[in-house]
Amino acid sequence: GSAAFVPVAPDYSDEAMWYQVKNDKGEGVDVFYVVSTWEFDWLTDDGIVSHYADVFNQEHREDMGTEIKKIAAYMADGNNFYAPYYRHITLDTWATLDENIINERFHGVAFVDIKYAFDHFAAHYNNGRPFILAGFSQGGKAVVELIKVMPEEMRERMVAAYVLGYKVTPDDVKQ
């Protein structure tokens, strides 16, 4: 394939890489939300195609924020809500319907970000509290994949996982 542009990875120790709402009054849980797919393939200034959202692109962040704010409006009610901005694969990537391309791009870039974000959340925000994982579409795929690699001590504190707009196969459940 031809060369493609992969945006710079986010640093989740930078608060700007998160959408956060802290509404817990002592009875709530933490919510880790993974946004769905918003961007199409796009071209850099020098004409190189990118198959990923760019967390440093204001328009891409605003697109992700549109969904995140709506979800936070109800999921952050009484809870602490955390949603990382990440380099999600594009709608054009999904449109290939090629599982190999989709998985290669998802696991090679998007899921790297989500795993890093979740590890940062676990180490710096969660403080041993019960939590909910939630995601829509590509975010749902991220939730399924995250559960597969989550340490047992984290899994024990997971109250629920909401996988919306994405399939969960019997093989996923086994893993």
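The values are calculated or read from the model by the stated rules, or taken from the named source; none is laboratory data. Please read these numbers as outputs of a predicted model, since none were measured by experiment. Note that each Cβ is placed from the backbone with ideal geometry, even for glycine, and that neighbours are counted across all protein chains shown. Note: areas computed on protein heavy atoms with side chains; ligands, DNA, RNA excluded. Shrake-Rupley method; radii C 1.70, N 1.55, O 1.52, S 1.80 Å.
Matching residues to (1) over 30 Å from Ala95 (Cα atoms); (2) in contact (Cβ under 8 Å) with a residue 24 or more places away in the chain:
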{"site": "Ala4", "(1), (2)": "no, yes"}
{"site": "Ala9", "(1), (2)": "no, yes"}
{"site": "Asp14", "(1), (2)": "yes, no"}
{"site": "Met17", "(1), (2)": "no, yes"}
{"site": "Gln20", "(1), (2)": "yes, yes"}
{"site": "Lys25", "(1), (2)": "yes, yes"}
{"site": "Asp30", "(1), (2)": "yes, yes"}
{"site": "Val35", "(1), (2)": "no, yes"}
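Among residues of region 72-84 that are open to solvent by less than 10 Å² (accessible area, probe 1.4 Å), those with a beta-carbon under 6 Å from a residue that is among the small types (Gly, Ala, Ser) at least six positions away or on a different chain give the pairs Phe81/Ala72; Pro84/Ala117. A single entry from Phe32, Phe5 fulfils the requirement of being more than 28 Å from Tyr74 (Cα to Cα) and either at pLDDT 95 or above or not hydrophobic (A, V, I, L, M, F, W, C) (or both): Phe5.
For Asp24, are the conditions met, namely being among the acidic types (Asp, Glu) and under 23 Å from Arg105 (Cβ atoms)? For Asp24, the condition - among the acidic types (Asp, Glu) and under 23 Å from Arg105 (Cβ atoms) - is not met.
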